[in-house]
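Below is one structure, written out as C-alpha cells; the observations come after it.
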Amino acid sequence: MHITADRGRCVGAAQCVLVAPAVFDQDEEGLVAPVTVDPAGADRPAVRQAVHLCPSSAIRIDED
C-alpha cells in the first residue's frame, strides 16, 4: 500500500488523523501531512477507513 495525499484538495477536517494517527498528521496550516506513505500492515485497515471518511477525497491509496 502506498499513500498519496493531495494537500490542494485537503480541507483540514482531520478525519484521517482521528482514524489513523500513526499514519496521518496535520501541518501548521491544518492540512494533511502523512507520517509515512508506506504504512505497516497493521495500519492498513485504518488507512482505508481514513480514505473513505475524507470529505474532500484528498487521500488516495495504491494497493500493493
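Read-outs: derived from the displayed coordinates by stated rules, not from any lab. What you see is a predicted model, and the numbers here were worked out from it, not measured in a lab. Positions of Cβ are generated from backbone atoms using ideal geometry, with glycine treated the same way; all protein chains shown enter the neighbour counts.
Which number comes out as Rg/Rh for the chain once both Rg and the Kirkwood Rh are worked out on C-alpha atoms? Please list the in-between numbers first.
On the way: Rg = 10.2 Å, Rh = 11.2 Å.
When Rh is taken as the Kirkwood radius, the ratio is 0.91.
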**OP:** Provide the net charge surrounding residue 61, with neighbours chosen by a C-beta distance below 13 Å and charges set as Lys +1, Arg +1, Asp -1, Glu -1.
**Re:** -3
Subject >> Structure-based [θ]222 nm, the chain - -39500 (n - 2.57) summed over DSSP H runs of at least 4, per residue, nearest 500 >> reply: -6000 deg cm²/dmol
**OP:** Taking the chain as the reference, fit the longest principal axis to its C-alpha atoms, fit the long axis of helix 44-53 to the helix C-alpha atoms, and give the angle between the two in degrees, 0 to 90, nearest 10.
**Re:** 30
